[in-house]
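Inspection log for the structure reproduced underneath, given as structure tokens.
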Amino acid sequence: MKKLLALLLALCMVLALCACGSSSGDAAPAADDAAPAEDAAAPADEAAEAPADEAAGTIVIGVYEPLSGDNGAGGKQEVLGMQYANAMTPTVEVNGKVYNVELVISDNESSNDKAVSAATKLVAAGASVVLGSYGSGVSIAGSDTFAEAGIPVIGVTCTNPQVTAGNSHYFRICFLDPFQGTVQANYAHDELGAASVAYCLGQLGNDYDQGLINYFKQAAEALGLEVVTESFPEGNSDFTSYLTNAKNANAEVIFAPTSISYAQLIIEQAAAQGIDIPLTAPDTWDSNVILAAAEGTDLSISVSTFYAEGGDPAFEEGFKAWMNADATALANNGGNDTIAAVSVMGYDAYYVALEAIKNAGSIDPAAVMEALPGTTYTGVSGSIAFDETGDAIRDTAFIKSADTATGEWTFVAEQSVG
Amino acid sequence: MGKTLYTPSEKRAGRVIAVVLLAALYVLLFLLDNVLPQNSFTLMLIPVLKKGAIYSLICVSMNLLNGFTGLFSLGQAGFMLIGAYAYAIFSIPKAQHEAVYQYFHGGVIRFSIPEALQSVLGADLGAFLGAVICIIIAGLFAAGFAALIGIPVLRLKSDYLAIATLGFAEIIRAVFQWDGLGVVTNGSNLLRKYTSFSDIRVGSLRFTTVFPFLIATLCILLIVLLINSSYGRAFKAIRDDEIAAEAMGVNLFKHKMLSFVISSFFAGVGGALLAMYQTTIQAAAFKTAMTYEILLIVVIGGIGSISGSCIASFLFIACNEWWLRFLDSGSFLGVSVPFFRDGFRKVVFSVIIMVVVLFFSRGIMGDRELSFAGLIRRLKRKNTAAPAAADETGGDAS
């Protein structure tokens, strides 16, 4: 009996090892392709043996995103945009040669301690450029691995200034926290009519929440508001006392830059308590999950985000059709076809990457990195160009509010900071 | 429980083999860092080896407490947190303070031990010595805190001790995230830019993988020596029967405290190494889930087996972060498999762990150790048992 078990386990191990062999085997050709493709492709071209429409090789674009953990939902939506872009434009022409673009997705589990191996997986896969990540913490944690390998990274929706500051390989196509915090404060003051007290609620230990609250506070205090801030511990599910505190402080606006899972609870409990203070939140809340939670309540919820519905009807139609045709994609989007702003950003990031590869005229990561600062692209979310730190030059955010009757976003305003 | 006795010649030969294998391992690691070509295999191997070595140390430190002293403590993540933060705070270079402590005006601790040493001893030696000193400081901070909370906590037994230590680990995390301490801990934000493994080098020679192995081996060796000393025998006596141990003259509280503090010291060292490995550190990562992960490795390896903990660490990290990743990729051997989706890896991983725990109810090694002396004897007798031999090769990393 014991021998049988030992045998069984040995078999399990062999299977696991086989699997490891195959996965590295899978990745190896890709890596091999990437490196010698340039040399190999050149003679093939000279000999004119390869037909013009046949791909000269494969370019690997790494996708470094959370597909599980706290930010799994947002990460999946961001990846959807990239996958749709990849489905639309599966090839890229570099110096007259057509390459297939392969997306290699690596799950960083929203966790900094998995970041190194997740990033290394993309390095091992021979990525020319990497897209990601949703969440600034994991982006910073994976940054050094990419820097050491000399691979450029395009941040999609990581908004912390520290992601791109002080390095030359990290770029980003979205706006930053200081900008968004100021936009939110201006909006609360100008549009929501907050004149004396604002209440901020964030998660303890979450750098995204605390960072935004910090910038919101600075801007709001400059506008003459008194700001009350509170933090809730991780895993908290009862927000009644925080909401009561907001009410007792006579807050005229609640700014809650929390992740989606907490946002849902906050909305439900605010509705149950009959809170009539307007809620405002940054880009994380721009999700159909929030809409579903807000539907049928009397709350006023607004978000600042990267993209407003109706900005590009042709894109929206195509993306919705693509999602509806694929049950997995639809499930990853949260079950319906409402377009999240992060998906749009993922879509644009893919094209920025292609543009940079074209400009570089090479699939070598170093060449792509050199080409990226000068790359410009006009995407669905607006025109994208990089400043000297590698951040996108963006001066407007879209403000949307949730229509609680229909469960859809309604466009409110374009807010910019002068 | 019966311990096999070996003749001095067998012991000596076993020791020689262990040293030779260890030396071979280091040569291999050095080659991996410097000479061997970077392909998809070696690229993935390096982080797995580094993290495996770090987890080995952390798991052995937990095993010292749980497996050898019989104190069921769940505070490991808290002590790692202290170690990681102590390491990071004292080794962030001056020029980076403004950027790292962006919301706290550059923080209050405005010196860096590696930087100070680098200015005296040169870049390479300074970084190495600085890192080692900061690692020791990390361990001391963790040990000091353990001594503090050990006074009330160690009067509790079994489950109550587990709950109390778990609570303390959570409190530590909350305190480190508190804005009021932000000028030191950076609140909820990341600490980064401190000395990491890639800074450990001599000229152009890199020691990024050798360094964590060196520290981990040294620490595990110290723990082994401790366990084989009279203190270690007292620990085991407490584990087996507290009343009998007390009757034999073992001072219960003193020995429990000793075990708790030493275990926390090495957990702090492990935390510092983890900080070096990750290059960024954030308190939010040191959840109770991390303690459970470590406990799981200890149980899988065998409670009360040092080599078991080491083997299990490497297997666990490799499975979790490398071998099973293909399950998320949507295809297997070029064939697309629809249920190979995000998260499927975790399902398979959980099943494997359940199988191991069900069929090896005492872990991979039970409470036995890998012993080269035993291997020699077995080879001499020529009636070798096949399954044991398979394990021996994996164990030389310990």
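Taken residue by residue, the range B:184-193 has at least one member that is touching a residue at least 12 places away in the same chain (Cβ under 8 Å), within 14 Å of chain A (Cβ to nearest Cβ), in contact with a Pro (Cβ under 7 Å, 6 or more places away or on another chain) and under 16 Å from residue B:281 (Cα atoms).
From A:192, A:201, which residue is hydrophobic (A, V, I, L, M, F, W, C) and either farther than 27 Å from residue B:182 by Cβ or within 12 Å of chain B (Cβ to nearest Cβ) (or both)? Give the derivation first.
Values: A:201 fails: either farther than 27 Å from residue B:182 by Cβ or within 12 Å of chain B (Cβ to nearest Cβ) (or both).
A:192 is the lone residue from the list that is hydrophobic (A, V, I, L, M, F, W, C) and either farther than 27 Å from residue B:182 by Cβ or within 12 Å of chain B (Cβ to nearest Cβ) (or both).
Among the candidates B:118, B:177, single out the residue that is without any contact (Cβ under 8 Å) to a residue 24 or more places away in the chain, in contact with a Gly (Cβ under 6 Å, 6 or more places away or on another chain) and either farther than 19 Å from residue B:267 by Cβ or more than 14 Å from chain A (Cβ to nearest Cβ) (or both). So that I can check it myself, show each step before the final result.
Numbers: B:177 fails: without any contact (Cβ under 8 Å) to a residue 24 or more places away in the chain.
Unique residue meeting the criteria: B:118.
Can you name the residue in the range A:288-336 that is among the polar types (S, T, N, Q) and within 14 Å of chain B (Cβ to nearest Cβ) and, of all such residues, is farthest from residue A:191 (Cα to Cα)? Give the derivation first.
Of the residues in the range A:288-336, the ones among the polar types (S, T, N, Q) are A:288, A:297, A:300, A:302, A:304-305, A:324, A:328, A:332-333, A:336.
Add one more test, that the residue is within 14 Å of chain B (Cβ to nearest Cβ), and what stays is A:328, A:332-333.
Details: A:328: 39, A:332: 34, A:333: 31 Å.
The selected residue is A:328.
Exactly one residue among A:165, A:118, A:127, A:141 is within 12 Å of chain B (Cβ to nearest Cβ), surrounded by 24 or more Cβ atoms within 10 Å (Cβ to Cβ) and part of a loop (DSSP other than H, G, I, E, B), and that residue is A:127.
Residue A:214 meets each of the listed conditions (1) part of a strand (DSSP E or B); (2) within 28 Å of residue A:140 (Cβ to Cβ) apart from (1).
Every condition in (1) farther than 22 Å from residue A:304 by Cα; (2) buried (at least 24 other Cβ atoms within 10 Å of the Cβ) is met by residue A:135 except one, and the failing one is (1). Close Cβ contacts (under 8 Å, 6 or more residues apart or on different chains) running from residues in the range A:360-389 that are surrounded by 17 or more Cβ atoms within 10 Å (Cβ to Cβ) and assigned to a loop (DSSP other than H, G, I, E, B) to residues that are modelled with pLDDT of 90 or more and of a type in the set (D, E, K, R) comprise A:375/A:355; A:380/A:348; A:381/A:348. Checked against the criterion of being over 28 Å from residue A:234 (Cα atoms) and in contact (Cβ under 8 Å) with a residue 12 or more places away in the chain, the candidates A:202, A:166, A:181, A:193 yield just one match: A:193.
Can you pull out every residue in the range B:1-44 that is under 26 Å from residue A:123 (Cβ atoms) and free of Cβ contacts under 8 Å to residues at least 60 places away in the same chain?
So the first thing to find is which residues in the range B:1-44 are under 26 Å from residue A:123 (Cβ atoms), and the list is B:25-44.
Answer for the range B:1-44, where residues must be under 26 Å from residue A:123 (Cβ atoms) and free of Cβ contacts under 8 Å to residues at least 60 places away in the same chain: B:27, B:28, B:31, B:35, B:36, B:37, B:38, B:39, B:40, B:41, B:42, B:43.
Scanning the range B:54-98 for residues that are within 27 Å of residue A:212 (Cα to Cα) and in contact with a strand residue (DSSP E or B) (Cβ under 9 Å, 6 or more places away or on another chain) returns B:81, B:84, B:85, B:88, B:89, B:92, B:96.
If you check residue B:157 against the conditions, is it within 14 Å of chain A (Cβ to nearest Cβ) and of a type in the set (D, E, K, R)? In short, no.
Filtered by the rule that a residue be among the hydrophobic types (A, V, I, L, M, F, W, C) and either in contact (Cβ under 8 Å) with a residue 24 or more places away in the chain or assigned by TED's automatic domain parsing to the domain that holds residue A:183 (or both), the range A:295-320 gives A:299, A:301, A:303, A:306, A:308, A:315, A:319. Do we have residue A:314 as surrounded by fewer than 22 Cβ atoms within 10 Å (Cβ to Cβ), modelled with pLDDT of 90 or more and among the small types (Gly, Ala, Ser) here? So residue A:314 passes the test.
In this structure, residue A:102 does not qualify as acidic (Asp, Glu), within 14 Å of chain B (Cβ to nearest Cβ) and crowded, with 24+ Cβ neighbours inside 10 Å.
Quick check on residue B:99: is it outside any loop (DSSP other than H, G, I, E, B), surrounded by fewer than 18 Cβ atoms within 10 Å (Cβ to Cβ) and either among the basic types (Lys, Arg) or in contact (Cβ under 8 Å) with a residue 24 or more places away in the chain (or both)? Answer is yes for this residue. Considering the range B:350-368, and only residues there that are exposed (fewer than 15 other Cβ atoms within 10 Å of the Cβ) and of a type in the set (A, V, I, L, M, F, W, C), the residue that is nearest to the other protein chains (Cβ to nearest Cβ) turns out to be B:359.
Could you please let me know if residue B:269 is surrounded by 18 or more Cβ atoms within 10 Å (Cβ to Cβ), in a helix (DSSP H, G or I) and more than 14 Å from every other protein chain (Cβ to nearest Cβ)? Criteria met by residue B:269. With the condition kept exactly as written, say whether any residue in the range B:149-168 is under 25 Å from residue B:109 (Cα atoms), in a helix (DSSP H, G or I) and among the aliphatic types (A, V, I, L, M). No: zero hits.
The values are calculated or read from the model by the stated rules, or taken from the named source; none is laboratory data. Values in this document were obtained by computation on a predicted structure and should not be read as measured data. Neighbour counts run over all protein chains shown; Cβ positions are idealised from the backbone, glycine included.
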